[in-house]
1. I'm checking my understanding of the structure. Among residues of segment 163-179 that are at pLDDT 95 or above and assigned to a strand (DSSP E or B), which one is farthest from residue 397 (Cα to Cα)?
2. Checking residue 343 against (1) at pLDDT 95 or above; (2) open to solvent by 10 Å² or more (accessible area, probe 1.4 Å); (3) out of contact with any Asp or Glu (no Cβ under 9 Å at 6 or more places or on another chain), which single condition isn't satisfied?
3. Could you tell me which numbered condition residue 267 fails, if it satisfies all but one of (1) open to solvent by 50 Å² or more (accessible area, probe 1.4 Å); (2) within 19 Å of residue 384 (Cβ to Cβ); (3) touching a strand residue (DSSP E or B) at 6+ places or on another chain (Cβ under 9 Å)?
4. If you take the residues of segment 367-393 that are charged (D, E, K, R) and either open to solvent by 10 Å² or more (accessible area, probe 1.4 Å) or not in a loop (DSSP other than H, G, I, E, B) (or both), which of them is modelled with the lowest pLDDT?
5. Looking at segment 180-216, which of the residues that are outside any helix (DSSP H, G or I) and open to solvent by 50 Å² or more (accessible area, probe 1.4 Å) is nearest to residue 237 (Cα to Cα)?
6. Looking at segment 217-234, which of its residues are out of contact with any Phe, Trp or Tyr (no Cβ under 9 Å at 6 or more places or on another chain) and open to solvent by 20 Å² or more (accessible area, probe 1.4 Å)?
7. Cβ-Cβ below 8 Å, separation at least six or inter-chain, first residue in segment 28-53 and within 28 Å of residue 121 (Cα to Cα), second at pLDDT below 90 and open to solvent by 80 Å² or more (accessible area, probe 1.4 Å): which pairs?
8. Which numbered condition trips up residue 73, out of (1) open to solvent by 40 Å² or more (accessible area, probe 1.4 Å); (2) modelled with pLDDT of 85 or more?
Amino acid sequence: MWIVIRVLIGVVVLFLLEYYFTRKVNRVFKTLFPVFPVKKKRLIIYLFLILLNLYPSILIFNAVYAAITKQSVSFPQNIFADYLLLYPFWILIILILQVSVLFFFVDLLKLILYPIYKKHKEKFYRLQVKIFLALTLFFAVYVPARIIYDYNTVDIRSVNYLKENLPKELDGFKIAFISDIQADRYTDVKRLKRYIDKINESNPDLVLISGDVITSTPDYIETAAKYIGKIKSKYGIYSCVGDHDNWAYRQDYVRSLREIKKSLNDYNIEMPDNELRFIDIDSSQIGITFITNTYVSDISETTLKNLASSNKAEFKIFLTHQPREFLINSAIKNNYNLFLAGHTHGGQITLLFPFIQLTPTLFETQYIKGDFHFDNMLAVVCGGLGMSLAPVRYNSTPEIVLITLRGK
C-alpha cells in the first residue's frame, strides 16, 4: 500500500510541476513571440510533455503488470531505451525542477511587492517572462552538460586530521576513504577503472569503504570485487555493510550479503559486519569499528555500545554506511577520532540555489557531503561514485576523500 501511495504522490508532484512550467512557457510565447503560430506552439509543448511522460508511464504500466502477475518490475535494459526514454526524462525533470525552484522566488517577490507590481504591471510582467526564458535557455544547456561532467569526472578531496600526541608512526599516514561504488550497468567497467586509477594515484596506506559495492542484482558482484581488488594499499582494504549490499537478491538478504562478502574475500577485501579490526602500524595501532546500520538491519543499542566502548586503540575510526545522528553521537561519546560514512551520494541531484545545498537527501540527513567537526572528532561524509534511483548525477561530482593524519 505504501508503494502505491508513493507512486500517487510522485504522479501528483510531476503533474503540478508540468502544469507550472508549461503555463510559464505559454506566457513566453504570448508575450515575447505573439506572432508565433499557435499550432506550432502547441506541437512543441505536446512533444515536450510526451517526451517527459513516456518513461514514467511505461514504468507505472510495468509496475501494475508486475503486481498483477506477481513478477518483478522490469524496464528495457538497452542503449535505445536509455537514450530515447530514460535520460531524456531525467534531463527534462531536472531542468523543470531547477528552473521552477529559482523562478518560484520571482513569483514570491511579486506577491510581496504586489502594490508596486500592480502600478507597473505590464513592465514587470515582461521582465518576469524574460527572466523565465533566460533561466530556461541557460539550464537547457547547463543541465545536460553538468550531468555529462559529473558522469565522467572524479574529484580527490584532501583532508588533514590534526591530533595532539599523534604517534610518530602515524604522522603522514594516508587513508583513502571511498563509498557507494554501486557497480551496475551505469557505473560500468570504464567508470570503475577511472575511479580505481584515481585512488591508486593517491598512493594510500589504508583504504576504507562505507558500503554499497553494487546497486542491485548479482550480475555485478564479481565486477565490483574484481575492480576493488585492483586497489593498491599497504595495510589493506576494508568495507562496512551498505544498504544495497543486501539487495543483490531482493528477497534473500542473507544470500546477497554472503555472496558479496565471498567475492570480496577472494580479492583479499574484508567486509566486517558489526566487528572490530585492529591494524598495527609499527608500534602503534589503529582501531576500526565497523557498524552495520542499514534499511535492512538496525543495530541494537547494546551492540553499538559494546563495539564502540571496546575500541581502545591509539587512533580510533568509526566506519558505517549511513550518517545517522545517533551513530555520530555514539562516536563522539566514545572519543573516536574519525567518523566515516557515505550513503548520500553527495546529494546526487543537487539544485543550484543560494546559500543551501538543495537536494532530496535533506529529507533524510543534514550531513550530505563534506567535513563536520565535533570537538576532537572529525566526521567525513563521502559523495562516492555510484547512483541510485536516477542514473545520473547533477552538481554532485564523484569523489575520493584522502585523509592524512598529522600531529599538532
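The values are calculated or read from the model by the stated rules, or taken from the named source; none is laboratory data. It should be emphasised that the depicted structure is a prediction, and the values quoted were computed from it without experimental measurement. Note: ideal-geometry Cβ built from the backbone for every residue, glycine included; neighbour counts use all protein chains shown. Remember, those area values only see protein heavy atoms, side chains included, never the ligands or the DNA or RNA. Shrake-Rupley method; radii C 1.70, N 1.55, O 1.52, S 1.80 Å.
1. 174
2. It fails just one condition, (3).
3. Evaluating residue 267 over (1) open to solvent by 50 Å² or more (accessible area, probe 1.4 Å); (2) within 19 Å of residue 384 (Cβ to Cβ); (3) touching a strand residue (DSSP E or B) at 6+ places or on another chain (Cβ under 9 Å) leaves (2) as the failure.
4. Step by step, filter segment 367-393, then rank; the result is 375.
5. Keep residues of segment 180-216 that are outside any helix (DSSP H, G or I), which gives 180-188, 202-216.
Going one step further and asking which of them are open to solvent by 50 Å² or more (accessible area, probe 1.4 Å), we end up with 185, 188, 203.
On the way: 185: 24, 188: 21, 203: 13 Å.
Across segment 180-216, the extreme among qualifying residues is 203.
6. Within segment 217-234, 219, 220, 222, 223, 232, 233, 234 qualify.
7. If the second residue must be at pLDDT below 90 and open to solvent by 80 Å² or more (accessible area, probe 1.4 Å), the pairs left are 31/126; 32/126.
8. (2)
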